[in-house]
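> Before I ask anything, let me first share the structure, which is written out below as structure tokens.
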Amino acid sequence: MDHRGKVAVVTGASSGLGRRLAADLARAGAVVVGVARREERLRALAEEMRRSSPDSGYRVCDLSDVAAFVDLLERVEEEHDRVDVLLNIAGVGGVIRTEPVTAESIRAVMEVNFVAPYAGMLTVLPGMRRRRFGAIANMSSDDARAPGPGAGDYSASKAALSAATESLSYDVRPDGVFLHVVYPGWVPTEMGLAAVSDGGLRMPPRAVRRTEEQVSSLVLRRLGDPRLEINAAALPLVAP
């Protein structure tokens, strides 16, 4: 995909892979709307993006408020006439719980990791299908296909997102819209490092460790590719 002039929305854009992908898309010439909760970090991102893409900007949104996220996407479509690319990168969880799991805590993980990105896809897909152009990439996890102990809600939320993305891909591919599930390996983001230092996760083997730069470069190369999965590491493919 030639990213120049494309309108892209990236969630989780205040840090980690979301920030890297938003910045790299802007450098590639896309008009990027970064979405996250932390406005101070988003302002810094917007300043960086506007050096390459003057029309890029940000919106503050907590993805646990799914209705607010859907409304945000509708307003971006209205303002820019379209959304060409949606990258659902924001996520929570992935740590071994030390407190009792409750229905409320399960819902909190599912809302951000599954319900919001799924609702986001359903919001922008009609326009993409009408224009016969678009790409969506959803950040999953190797825990979705080879879950370990202690974080069942996180693994389940990512597995649900992977399954929903694959199911929708069959419907929209004939209209020139391509959906992707990203399996990034382990990346030393704030979330990844916290899972190791505070969340009870062992440091993954070197074969599955990737940098933000490596994952971002791979995702941007593969957007619009007919293949569903974007696998940053090969080893997890044999784990299940």
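The values are calculated or read from the model by the stated rules, or taken from the named source; none is laboratory data. The structure presented is a predicted model; accordingly, all values stated were derived computationally and were not measured. Counting neighbours? That spans all protein chains shown, and the Cβs are built from the backbone with ideal geometry, glycine included. Note: areas computed on protein heavy atoms with side chains; ligands, DNA, RNA excluded. Shrake-Rupley method; radii C 1.70, N 1.55, O 1.52, S 1.80 Å.
> At 1.4 Å probe size, what's the solvent-accessible area of Phe69? Round to the nearest 10 Å².
Approximately 0 Å² for this residue.
> Moving on to the next point. Give, rounded to the nearest 20 debye, the magnitude of the charge dipole that the chain has about its Cα centre when Lys and Arg contribute +1 at Cβ and Asp and Glu contribute -1 at Cβ. Kindly include the intermediate steps, with their values, before the conclusion.
On the way: 30 positive and 31 negative charges, 150 e Å.
Its charge dipole is roughly 720 debye.
> Turning to a different aspect of this structure: If I require 27 Å or longer along the helix axis, counting alpha carbons, and a Kyte-Doolittle average no lower than -1.0, what helices from the chain are left? Use full DSSP H segments.
152-172
> If you take the square roots of the eigenvalues of the alpha-carbon gyration tensor of the chain and sort them as a ≥ b ≥ c, do you get rounded (a/c under 1.5), prolate (a/b over b/c) or oblate? Working shown, then result.
Values: a/c = 1.45, a/b = 1.38, b/c = 1.05.
Rounded shape, in that the Cα axes give a/c under 1.5.
> A further question follows. At 0.36 nm per residue, minus the direct Cα-Cα distance, what do Asp171 and Leu235 gain on full extension? Give it in nm, one decimal, please.
Going from the current span to full extension adds 20.0 nm.
> Please give the solvent-accessible surface of Arg129 in Å², to the nearest 10, using a probe radius of 1.4 Å with every protein chain present.
Number for this one is 90 Å².
> Sort the range 117-219 into rounded, prolate or oblate with this rule: let a ≥ b ≥ c be the square roots of the eigenvalues of the Cα gyration tensor; rounded if a/c is under 1.5, and if a/c is not under 1.5, prolate when a/b is larger than b/c, oblate otherwise. If you can, show how the numbers build up before the last one.
Working: a/c = 2.79, a/b = 1.92, b/c = 1.45.
Cα axes put the range 117-219 in the prolate bin.
> Give me the percent of the accessible area of the range 93-138 that comes from carbon and sulfur atoms, probe 1.4 Å, all protein chains in place.
Using a 1.4 Å probe with all protein chains present, the range 93-138 comes out at 61 percent carbon and sulfur.
> Considering only DSSP beta bridges with both partners in the chain, what is the antiparallel share in %, to the nearest 5?
0 percent
> Rounded to the nearest 500, what is the chain's calculated 222 nm mean residue ellipticity when only DSSP H runs of at least 4 contribute -39500 (n - 2.57) each, over all residues?
-14000 deg cm²/dmol
> Would you work out which of Gly200, Ala26, Ala68 lies farthest towards the positive end of the dipole of the chain, given +1 charges on the beta-carbon of Lys and Arg and -1 on that of Asp and Glu, about the Cα centre?
Ala26
> Return one whole number: the accessible area per residue of the range 16-152 in Å², for a 1.4 Å probe.
Working: 6350 Å² over 137 residues.
Result: 46 Å² per residue.
> What size of dipole, in debye to the nearest 20, comes out for the range 57-149 about its Cα centre when the only charges are +1 on Lys and Arg C-beta atoms and -1 on Asp and Glu C-beta atoms?
With Lys and Arg at +1 and Asp and Glu at -1, about 420 debye.
> Taking H as built 1.01 Å from N, whose amide H comes closer than 5 Å to the amide H of Gly134, not counting residues under 5 places away?
For Gly134, whose amide H was placed from the backbone, the distant partners under 5 Å are Phe178.
> Along Cα→Cβ, 7 Å out, is where each label goes; now give me the distance between the ones at Leu122 and Ala207 in nm to one decimal.
A separation of 4.0 nm, rounded to one decimal place.
> Given 0.36 nm per residue, what is the gain on full extension from Arg38 to Asp225 after removing their alpha carbon distance, in nm?
Difference between extended and current length: 64.1 nm.
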